[in-house]
Amino acid sequence: MSCIDEILNLVKHVQPFPKVVQRVMGMLDDPETDVKALAEIIQYDQVITANVLKICNASYFGLPRKVSSLNEALVIVGHDTLKDIIVTSSSARFYKGAVGDGYRLEQGELWRHSVATGILAKHMAKKHIQGVDSGVAYTVGLLHDIGKRFLNTFVADDFKRIMIKVVRDQCSFVEAEKELLGISHAELGGMILKKWEFPEEMQLAVLQHHDPDALKKEPLTALTSLSNALVVTMGIGVGADGLATRVQGEGLKRFGITPLDLDLCMANLLDDMEQAQELFHI
Amino acid sequence: MKLVIGISDMKVSNQADDVLITYSLGSCIGVVIWDPVAKVGGLLHYMLPDSSLDMEKAQAKPFMFADSGIPLLFKETYKYGAVKNRLIVKVVGGSQIMDNAGIFNIGKRNHAVLRKIFWKNNIMIAKEDVGGTGNRTVSLEIGTGITRLKVSGRGEFEL
């Protein structure tokens, strides 16, 4: 079996994304949805239930007593935080263990990079890039590098050749992946989102997040590429690929985003990351 | 003891067996200073050039910015007996992603401000490893002043 066949075969066996996500997300968009109906579905996912209770009892919410019922917790955290908890808990299970060591990432770093990108993407959707739902932006941010988690072992096997190509040819890491493995982590990620039946715009944003022209494409794609570029610039969860990624910065003009805005986003992200660390224990 | 310096953070030590280390400098800059007589060293990991971006933030996190962080790094070592003209200064980081338009040139701006501050204050840089697209990890052994640098694609070496 060739390398590319082996990789594609891997996608066939990727575990499904928790079904509760799609079911609950639709309900949360409807303001009439009541807590009982939500709890009815969420209670069957132990990880999400545990996380809702844990986060509800975190000092961030400043409750005077411990909450132990899911119904009560759902009222306290509110719809927006609940969405974040559900997507974060559902994604986290795919980032456990040494999933980034092929990229020379320490344990937990790929997840930290993903959370940072998610938080920044949400901020961008609220402040700078019109027409993108902030919850969708957060989810794509969390999952944009999911391909790395599965390409990891193949990158490890061919690591030397990839690095030589990056250094000698001054190409981006993704270009080297594509040439030597036959597929990039972005392409693989797009396929995985398709398998998980995420909407097409989300698949496309993950697939194209390393396209040098990403900032000129659909708003969700542009936002994902921009958020990733800034998190990489800050060095959060960055491995051997370093900053060897290509982006055509002039694409930012259409959104009216200036270098000063980028500086501010980076400064704010550090504070937001501290809060996320408290809430999600990343 | 290993002391880890995060993003927008700084640490100083005069304990011979301490090692100061900061991981994953992208566009951020790491400033390493060491006095070979007082055997005092410090490491700063700043993220952005100019504190005028957000003065409130600069008050809360002065090590986020070059102009507020660098003076504090030097002053902190003076408290442990370091002398300005003895300090050996090394500068690393300031990479950037591949963008022909230069919008993401945060690394370059971070480095330019540092050079200006050092020039104004008569501070010489002994060693420097700045720019490119590599990701850097730098460490300083307080007892010996040995500075080790790891750059993606170039391996680990003494600076």
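The values are calculated or read from the model by the stated rules, or taken from the named source; none is laboratory data. In this text, all values refer to a predicted model and were calculated from it rather than measured experimentally. Note that each Cβ is placed from the backbone with ideal geometry, even for glycine, and that neighbours are counted across all protein chains shown.
Within the range A:125-154, the set of residues being in a loop (DSSP other than H, G, I, E, B) and not charged (D, E, K, R) comprises A:HIS128, A:ILE129, A:GLN130, A:GLY131, A:VAL132, A:HIS144.
For the range A:174-213, the tally of residues that are in a helix (DSSP H, G or I) and not charged (D, E, K, R) stands at 18. The one condition from (1) aliphatic (A, V, I, L, M); (2) at the interface with another protein chain (Cβ under 8 Å from one of its Cβ atoms); (3) in a helix (DSSP H, G or I) that B:LEU73 does not meet is (2). One residue is enough: does the range B:95-105 have a residue meeting the conditions within 14 Å of chain A (Cβ to nearest Cβ), exposed (fewer than 14 other Cβ atoms within 10 Å of the Cβ) and on the phi < 0 side of the Ramachandran plot? Looking through the range B:95-105, at least one residue is within 14 Å of chain A (Cβ to nearest Cβ), exposed (fewer than 14 other Cβ atoms within 10 Å of the Cβ) and on the phi < 0 side of the Ramachandran plot. Of all residues in the range B:127-138, at least one satisfies being of a type in the set (Lys, Arg), surrounded by fewer than 19 Cβ atoms within 10 Å (Cβ to Cβ) and either over 12 Å from the mean Cα position of the chain (by Cα) or modelled with pLDDT of 95 or more (or both). Taken over the range B:130-154, the criterion of being in a loop (DSSP other than H, G, I, E, B), more than 8 Å from chain A (Cβ to nearest Cβ) and β-branched (Val, Ile, Thr) is satisfied by B:ILE142, B:THR144, B:ILE146. The residue of the range A:214-223 that is farthest from the other protein chains (Cβ to nearest Cβ), among those that are surrounded by fewer than 21 Cβ atoms within 10 Å (Cβ to Cβ) and either part of a helix (DSSP H, G or I) or touching a Ser or Thr at 6+ places or on another chain (Cβ under 9 Å) (or both), is A:PRO219. Evaluate the following for B:ASN100: is it assigned to a helix (DSSP H, G or I) and of a type in the set (S, T, N, Q)? It is false that B:ASN100 is assigned to a helix (DSSP H, G or I) and of a type in the set (S, T, N, Q). Pairs linking a residue in the range A:83-104 that is in a helix (DSSP H, G or I) to a residue that is of a type in the set (S, T, N, Q), with Cβ atoms under 7 Å and 6 or more positions apart or on different chains, are A:ILE85/A:ASN51; A:VAL87/A:THR139; A:SER89/A:ASN51; A:TYR95/A:SER114; A:ASP101/A:ASN152; A:GLY102/A:ASN152; A:GLY102/A:THR153; A:TYR103/A:ASN152. Which residue is farthest from the other protein chains (Cβ to nearest Cβ), if the candidates are limited to the range A:224-260 and must be among the polar types (S, T, N, Q) and within 18 Å of the chain's Cα centre (by Cα)? Of everything passing the filter in the range A:224-260, A:THR224 is farthest from the other protein chains (Cβ to nearest Cβ).
Residues that are within 14 Å of another protein chain (Cβ to nearest Cβ), surrounded by 21 or more Cβ atoms within 10 Å (Cβ to Cβ) and more than 22 Å from the chain's Cα centre (by Cα) were ranked within the range A:164-213; the one that is farthest from A:TYR138 (Cα to Cα) is A:VAL166. Checked against (1) within 11 Å of chain A (Cβ to nearest Cβ); (2) among the small types (Gly, Ala, Ser); (3) in a strand (DSSP E or B); (4) more than 18 Å from B:GLY134 (Cα to Cα), B:ALA58 passes all but a single condition, namely (3).
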